[in-house]
Amino acid sequence: MPSLWKRITFSVASALCVGSVALLVVALSTERWVIGRILCKTGVDIVNASSPELDQFIGDIYYGLFQGGKTKRCGLGNRRSKIYFPKLVQTLNGGLHMMVILFLLVAVGFALVSLSFCIYNARKVPYQSIKGHKGLYLWNFIALFGALGVLCFLAAVKHHRLTERVANHGENLFVLEVLDDSLDWSFWLGVGSVGTHFAVCGVVAMSRIKLPKPEIKKPEEPTISALDLLY
């Protein structure tokens, strides 16, 4: 049976693994990886709009790994449409986009493996090193593939003009120009999940600290001298 300190530290590590899985699942399923503003360039050129009138041609866009949406304003009012990434494979850098999803799924899988080993170490003392601290370091290191997924997505946004490609997909009459785009909270959830695995490794390292055991003083036995025996 592990000591109380080990049970506490591995329980904290288990909670961090659960948090990592939750962050990744929410990040994968939400649509707020990137938000931005888009300008209907065609509408501006047709009416030769000046600066005060440009606001009438500025819409917005948001998207995640699987879907998103945009609102374009081309002089005909607000026109909202949904974006589905399976239809964008030919437009986007499909290989890079699939790598992002694959790395994040690998991170979810090994975060669950790390969780199971944390629970095991909180309940039992492992006899094999791969089931103990070394195994936990290994599984959390592999779970850091989520960081590669985040970096690949960042590269797609910044160097492959992902927002511009997404905005102009399916547009036959209008050309949309991206005024600005920024990473939103779904992206930062993925970054947060990476941080939790560093925290797990730190907690696992703390579990190896041996705390001093409290000394229990034994009651002193009464000493009987020869003089006491005479009485």
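The values are calculated or read from the model by the stated rules, or taken from the named source; none is laboratory data. Only a predicted model underlies this, so the values are computations on that prediction, with no experimental measurement involved. Cβ placement follows ideal geometry from the backbone for every residue including glycine, while neighbour counts extend to all protein chains displayed. Just the protein is used for accessible areas: all its heavy atoms, side chains included, with ligands, DNA and RNA removed. Shrake-Rupley method; radii C 1.70, N 1.55, O 1.52, S 1.80 Å.
Summary table below
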{"read-out": "Size of electric dipole in segment 4-207: Cβ of Lys, Arg +1 and of Asp, Glu -1, about Cα centre, debye, nearest 20", "value": "960 debye"}
{"read-out": "Probe 1.4 Å - accessible area at LEU96, Å² to nearest ten", "value": "30 Å²"}
{"read-out": "Long-range lysine pairs (8 or more apart or interchain), segment 4-207, Cα under 27 Å", "value": "17"}
{"read-out": "The chain: angle of helix 133-143 to the longest principal axis, Cα-based, in degrees nearest 10", "value": "10 degrees"}
{"read-out": "Zero-based 10 Å bins, Cα pair distances in the chain, whole percents", "value": "7, 25, 20, 15, 11, 8, 5, 3, 2, 2, 1, 1, 0"}
